[in-house]
Amino acid sequence: MKTTLSIIKADVGGFPGHASVHPELVKKAREELEIAKKREDIKDYYVAHCGDDLDLIMTHTKGVDNETVHKLAWDTFVACTNVAKKMKLYGAGQDLLSDTFSGNVKGMGPGSAEIEFEERKSEPVICFLMDKTEPGAFNLPVFKMFGDPFSTAGLVIDETMHAGFSFEVYDTKENKKVVMNTPEETYDLLALIGGKSRYVIKRVYPRGGKVSSDEAVACVSTDKLSKIAGKYVGKDDPVAMVRCQSGLPAVGEALEPWSFPHLVSGWMRGSHNGPLMPCAMDDAVPSRFDGPPRVVALGFQVADGMLGMPLDFFKDKAFDRTRRESLAVADYIRRHGPFEPHRLPLEEMEYTTMPKVLQKLKDRFEPA
Ligand code: F6R
Ligand code: MG
Ligand code: MG
């Protein structure tokens, strides 16, 4: 029996503002998922959070895009929204873009990343949760894990990784996808995914080794909230999972790329570039300028469909220096105020007064 790992996430109310998830929401989500576990709709769950996003990590045997599981997540978010509304939490229910559930959370506001796999003898998985940024924030670290021999030693010295990996890349503008193979197509792949606001890594597949080449070993949520809603409703705040070890990146190779606090878009009003700061789940409370953007990494040893308890990886002091560096970068880039490249290019900004400003100046513009 194959195991499915699903992370379904939504922001259903912030505490205070867009800073964190109130403990009452976490409690409510746990209650709902506990009932579902007893009903055997899911095998196991862990309720996590990053900034103002509530992340439901669930295991089951129903496969990806399963209606029961998606409805469970939806109903859980609705139940949490009701709590959030009572408490007047900020933006209560903001990611639930419809009044009724229609089979799958895709296109309805919440984000999802799911993989189905044959459990190996031992199955270490890391769930990555982000806040105040977009799916393209995963491009650089996921590429490094599976495609950069200077980051992942196994690509060079582990025979079972030598064949490389296949990257499924989504063109979020044209709604198309392409599969590209590394190492031979590395430069072409980077040409695409370097444009992270449009091209995003969706899944990674192995090309040799012990895991079947049709089983995804990494998956990123790529739902574009702004497109779905047709207006700004917040950055996507993506999640992802990565399977590790035995022919896949070692746990430490899946964590190594995060030692670089790379610049991602999001942060204040979803309209600024800033450094991605890895931190412990309880430290993922974006404060300064609503940030800087955060990433949390929870490690699990999946066993017979059970998640067990997580290890909160970025608690480790080994990431202290990255955090300090990200704060130095935050100081530097903040000094640009409203200027690019701190502020996003016009077409990528989630908030803009530009049409109104141009309208006001319409009659005052003259040939230069
Ligand atoms: C970014 C984010 C926040 C808000 C900001 C303004 O993703 O959620 O930075 O954009 O706090 O929020 P409103 O417009 O709700 O006052
Ligand atoms: Mg929010
Ligand atoms: Mg958020």
(request) Obtain the nm distance between the two label points defined at LYS210 and VAL156 by a simple spin-label model: each point lies 7 Å from its Cα along the Cα-to-C-beta direction. (result) 2.4
(request) For region 252-368, build the charge dipole from Cβ charges (+1 Lys, Arg; -1 Asp, Glu) around the Cα centre, then report which of VAL329, GLY252, ALA368 sits farthest towards its positive end. (result) ALA368
(request) Considering only LEU129, LEU346, LEU358, give the residue with the highest GNM mean-square fluctuation for the chain, with springs between Cα atoms whenever their separation is below 10 Å. (result) LEU358
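Below 8 Å, C-alpha to C-alpha, sequence gap of six or more: please give me the relative contact order for the chain in percent. It would help to have the intermediate numbers written out before the result.
Details: 835 pairs, mean separation 68.1, N = 368.
18 percent.
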(request) As a check on your grasp of the helix formula, calculate [θ] at 222 nm for the chain: sum -39500 (n - 2.57) over DSSP H runs of n ≥ 4, divide by the residue count, round to the nearest 500. (result) -7000 deg cm²/dmol
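Determine, for MET277, MET309, MET349, the number of other Cβ atoms within 10 Å of each Cβ, and report the residues in order from fewest to most. Show your work: numbers first, answer last.
On the way: MET277 26, MET309 10, MET349 18.
Taking fewest neighbouring Cβ atoms as first place, the list is MET309, MET349, MET277.
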(request) Mind sorting LEU56, LEU361 by how few other Cβ atoms lie within 10 Å of their own Cβ, fewest first? (result) LEU361, LEU56
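With contacts defined as alpha carbon pairs under 8 Å and 6 or more residues apart, what's the relative contact order of region 78-229 in percent? Show your work: numbers first, answer last.
On the way: 209 pairs, mean separation 38.5, N = 152.
Once divided by the residue count of region 78-229, the mean separation gives 25 percent.
What's the magnitude of the charge dipole for the chain around its Cα centre, counting Lys and Arg as +1 and Asp and Glu as -1 at the beta-carbon? Answer in Debye, nearest 20. If you can, show how the numbers build up before the last one.
Working: 48 positive and 54 negative charges, 220 e Å.
Value, rounded to 20: 1060 debye.
More than 36 angstrom separation, counting every C-alpha pair in region 3-350; what % is that? Spell out each step's value before the answer.
Working: 8034 of 60378 pairs.
Summing the P(r) tail past 36 Å for region 3-350 gives 13 percent.
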(message) Between GLY247, GLY111, GLY266, where does the largest GNM mean-square fluctuation fall for the chain, given springs only between Cα atoms within less than 10 Å?
(response) GLY247
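Taking every pair of Cα atoms in region 186-321, average 1/r, invert it to obtain the Kirkwood radius, and report Rg/Rh to two decimals.
Numbers: Rg = 16.4 Å, Rh = 16.9 Å.
Across region 186-321, the Cα-based Rg/Rh ratio is 0.97.
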(request) Between LYS317 and LYS88, with labels modelled 7 Å along Cα→Cβ, what's the label distance in nm to one decimal, could you check? (result) 4.5
(request) Using only Cα atoms, locate the centre of region 315-368 and the centre of region 154-182, then give the distance between them in Å, rounded to an integer. (result) 31
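If you rank MET354, MET145 by fewest surrounding Cβ atoms within 10 Å, what's the result? Display every interim value, and only then the final one.
Values: MET354 10, MET145 29.
So the residues, fewest neighbours to most, are MET354, MET145.
Using a 10 Å Cβ count of at most 16 others and DSSP loop calls, identify the longest part of the chain lacking such GluC sites (Glu not before Pro).
Details: sites that count: GLU40, GLU118, GLU119, GLU174, GLU184, GLU215.
It works out to 216-368.
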(request) Return the Rg/Rh value of region 118-246, two decimal places, where both radii are evaluated on C-alpha atoms and Rh is the Kirkwood radius. (result) 0.98
(request) Could you tell me which of ALA284, ILE115, TYR205 has its Cα farthest along the dipole of the chain towards the positive end, charges placed at Cβ (Lys, Arg +1; Asp, Glu -1), taken about the Cα centre? (result) ALA284
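Structure shown: which of LYS202/LYS360; LYS2/LYS106; LYS144/LYS356 lie over 32 Å apart, alpha-carbon to alpha-carbon? If you can, show how the numbers build up before the last one.
Details: LYS202/LYS360 42 Å; LYS2/LYS106 23 Å; LYS144/LYS356 42 Å.
From LYS202/LYS360; LYS2/LYS106; LYS144/LYS356, over 32 Å: LYS202/LYS360; LYS144/LYS356.
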(request) Report the calculated FRET efficiency for VAL179 and ASP363 (r = Cβ-Cβ distance, R0 = 45 Å), to the nearest 0.05. (result) 0.30
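Just so you know, all these numbers are worked out from the coordinates, no wet-lab data involved. Predicted, not measured: the structure shown is a model, and the values here were computed from it. When we count neighbours, we look across all protein chains shown, and the Cβ atoms used for this are built from the backbone with ideal geometry, even at glycine.
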